[in-house]
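Below is one structure, written out as structure tokens, with a few remarks after it.
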């Protein structure tokens, strides 16, 4: 047995020495061919002043049948660059004699932590790779936006105690909750971008007022803080905008997406025009005993419903498109409108009268019945669904005079990735509405025909 152990030990050391000798004997040569890259440009999506981006990767491939040594890999601007790179596990700005095995590859990881000196600036640099076969580079490109931060902490409750005006000179970045104090006013001017970190929210206090003053092609944006395109299609990146009792909302040309509840209203008066609300975990609009007037409103892809109505209120929805093709969790109902007189306020079940008027609108999606109404005995529950295009299931408990039922509106593209809820030329919604002089143009500023197309788009 002892002889066997000695033999086994000797074999191990012989093998180890053989492997070591093989490693030492690797002969790295100079490349005779140009290297191949996975991309010639790395586009880092818009980043904010002094906020580090996510990490991007580019690969370098050695297509030669030999091990090569890359003499130099470096950032063009060196230590002055806004970018930082990591080459094969090592951070820095300048790397020499980087080995690359035959028919193998190595990663270069890229990130940016910029300093903005203008409302929007271009940050550009390049990764230079030098070999005897020639000089090559990968372009690094990003848009840097200056930002103003609102950070909630134990010592800072993050409350706007005065009337406030936000402009588009700086993006607004919110950590935690930002609260507009009771009775105060917040004006948000065209082109302003408001970003929220995870679990963050904007809270509008009692009797306070939020005025969103976007314009066509210059909307006000509310979204999660990650501006990379892939996050456009992911819900629950932030909480949403909530309104306390008596608050007011006047919203024109806004986009609200990627949250838990886009707009949460408790006894709120709201006018919403020319706005897009999409991709929320629960509701696009969650309204409790509120008064909402909406026109040229586009909504899509909300887990529970685009519009949820509780404890009554008054709701007038005109020339709007409420689609829902939610596909994140099929257990959720993902309908267009849910409306009831009831509201569970902690341990108390409350109710109130409800009036819901929907006209010249499309309510369509994956669910069999895109409108679910739950009236409560003893309470007023008044509805008017006229001149609409509806997904109308067998359990529908409402009348829809002069409406088109269960005909595909033929959206250009209802997928969130390329969201376009305009209807095609052969849509059954074309020219089937009733002309309303109060709504002469659609969400894109196009003059409506007489009779007009049903929905937010002409």
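The values are calculated or read from the model by the stated rules, or taken from the named source; none is laboratory data. Worth saying up front: this structure is predicted, and the values here are computed from it rather than measured. Don't worry about glycine lacking a Cβ; one is built from the backbone with ideal geometry, like all the others, and counts go over all protein chains shown.
Of 309, 317, all but one fail to be modelled with pLDDT of 95 or more, closer than 16 Å to residue 362 by Cα and more than 23 Å from the chain's Cα centre (by Cα); the exception is 317.
Tell me, which residue of segment 370-381 that is touching a strand residue (DSSP E or B) at 6+ places or on another chain (Cβ under 6 Å) and part of a loop (DSSP other than H, G, I, E, B) is farthest from residue 323 (Cα to Cα)?
The first filter runs over segment 370-381 and keeps only residues touching a strand residue (DSSP E or B) at 6+ places or on another chain (Cβ under 6 Å), leaving 370-376, 379, 381.
Now restrict to residues that are part of a loop (DSSP other than H, G, I, E, B): 370, 375-376, 379.
Values: 370: 9, 375: 23, 376: 26, 379: 29 Å.
By that ranking, first place goes to 379.
When segment 197-229 is examined, which residues are found to be in a strand (DSSP E or B) and within 21 Å of residue 163 (Cα to Cα)? Answer for segment 197-229, where residues must be in a strand (DSSP E or B) and within 21 Å of residue 163 (Cα to Cα): 201, 202, 203, 204, 209, 210, 211, 212, 213, 220, 221, 222. Consider residue 384 carefully, then state whether it is in contact with a strand residue (DSSP E or B) (Cβ under 8 Å, 6 or more places away or on another chain), outside any loop (DSSP other than H, G, I, E, B) and surrounded by fewer than 18 Cβ atoms within 10 Å (Cβ to Cβ). Yes: the conditions hold for residue 384. For the residues 217, 237, 207, the requirement of being without any contact (Cβ under 8 Å) to a residue 60 or more places away in the chain, within 19 Å of the chain's Cα centre (by Cα) and farther than 22 Å from residue 306 by Cα singles out 217.
Can you find a residue that is assigned to a helix (DSSP H, G or I) and out of contact with any helix residue (DSSP H, G or I) (no Cβ under 7 Å at 6 or more places or on another chain) anywhere in segment 66-78? It would help to see each step written out before you state the result.
Initial filter on segment 66-78 (assigned to a helix (DSSP H, G or I)): 78.
So of that shortlist, the ones also out of contact with any helix residue (DSSP H, G or I) (no Cβ under 7 Å at 6 or more places or on another chain) come out as 78.
Scanning segment 66-78 turns up at least one residue that is assigned to a helix (DSSP H, G or I) and out of contact with any helix residue (DSSP H, G or I) (no Cβ under 7 Å at 6 or more places or on another chain).
Scanning segment 316-337 for residues that are more than 30 Å from residue 437 (Cβ to Cβ) and either touching a residue at least 60 places away in the same chain (Cβ under 8 Å) or surrounded by fewer than 20 Cβ atoms within 10 Å (Cβ to Cβ) (or both) returns 325, 327, 328, 329, 330, 331, 332, 333.
Residues that are modelled with pLDDT of 95 or more, in contact with a helix residue (DSSP H, G or I) (Cβ under 9 Å, 6 or more places away or on another chain), assigned by TED's automatic domain parsing to the domain that holds residue 221 and farther than 20 Å from residue 247 by Cβ: does segment 266-278 have at least one?
Going residue by residue through segment 266-278, those that are modelled with pLDDT of 95 or more are 266-278.
Retained after the next criterion (residues that are in contact with a helix residue (DSSP H, G or I) (Cβ under 9 Å, 6 or more places away or on another chain)): 278.
Among the residues that remain, those that are also assigned by TED's automatic domain parsing to the domain that holds residue 221 are: 278.
Still in the list and also farther than 20 Å from residue 247 by Cβ: 278.
Yes - at least one qualifying residue is present in segment 266-278.
May I ask you to verify whether residue 103 is outside any strand (DSSP E or B) and modelled with pLDDT of 95 or more? No; evaluated as a whole, the condition is false for this residue.
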